[in-house]
Amino acid sequence: MITTPLTWAEFEHVDLRVGTIREARPFLEARRPAYQLLIDFGPEIGLKKSSAQITHHYTPDTLVGRQVLAVVNFPPKQIAKFRSEVLITGFADAEGHIVLASVASPVPDGSRLI
C-alpha cells in the first residue's frame, strides 16, 4: 500500500541522519522488549538517545559500533522514565521483527540522507 504522496518540500523536512551507536542496554521499564541506545551523530548534532524495539535480531554487543539511520527532527518522546530523542529506522522481516536500516559502507556520523 502506497500512502499519500509527499511533495519534495515535505520530504525535505524529514531530517534522516546516520549515527554510530555508542551504548546499548536493555530497557527494563519498557512495555515491550527494547533497548536504550546512545547514538553519536557527529559534532553538529552530538549524542542522542533512542528507545528501539529491536531485541529479536540484535544484542547490545552487536549494536555498539553499528551505524544506523535515524530521523533526528521528531519531537522527543517520553517512554517510562526515558526520553527518546530520535527515531531509528528499519524494516519488518517476515515475522514482523525489525531489521535496522543501515549504510552499505561507513560514512561520517551526522551525514544527511540526500
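Each reported figure results from applying straightforward, stated rules to the coordinates on display, with no laboratory input. Keep in mind that what you see is a predicted model, and the values were worked out from it rather than measured. We place every Cβ from the backbone using ideal geometry, glycine too, and count neighbours over all the protein chains shown.
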Order by neighbour count: Lys49, Lys81, fewest other Cβ atoms within 10 Å first, most last.
Lys81, Lys49
So for the chain, taking the charge dipole from beta-carbon charges (+1 Lys/Arg, -1 Asp/Glu), which of Gly42, Tyr58, Ser84 sits furthest toward the positive end?
Ser84
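When the Kirkwood hydrodynamic radius is evaluated over all pairs of different C-alpha atoms of segment 60-102, what value in angstrom, to one decimal, is obtained? Walk me through the numbers on the way to the answer.
On the way: mean 1/r = 0.0836 Å⁻¹.
About 12.0 Å, per the Kirkwood formula over Cα pairs.
Using the Cα centre as the reference, give the magnitude of the dipole from point charges on the C-beta atoms of segment 1-72 (Lys, Arg: +1; Asp, Glu: -1; all else neutral), rounded to the nearest 20 debye. Please report the intermediate quantities before stating the final value.
Working: 8 positive and 8 negative charges, 65 e Å.
So the magnitude is around 320 debye.
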Using the basic label-point model (7 angstrom from Cα toward the beta carbon), what is the Ala94 to His57 distance in nanometres?
1.4 nm
Give me the number: length gained by fully extending Lys77 to Glu10, i.e. 0.36 nm times residue separation minus the C-alpha to C-alpha distance, one decimal in nm.
21.9 nm
Sorted from fewest to most neighbouring beta carbons within 10 Å, what does the list Ile2, Ile39, Ile88, Ile79 look like?
Ile2, Ile79, Ile88, Ile39
Highest to lowest packing among 64-74, 14-24, scored as the average C-beta count within 10 Å:
14-24, 64-74
Given the Cα-Cα distance of Met1 and Arg25 and 0.36 nm per residue of separation, how much length would full extension add, in nm?
5.2 nm
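For the chain, what is the calculated [θ] at 222 nm in deg cm²/dmol (nearest 500), taking -39500 (n - 2.57) for each run of four or more DSSP H residues and dividing by its residue count? Walk me through the numbers on the way to the answer.
Details: 3 runs with 13 residues, N = 114.
Calculated from helices alone, the mean residue ellipticity at 222 nm is -2000 deg cm²/dmol.
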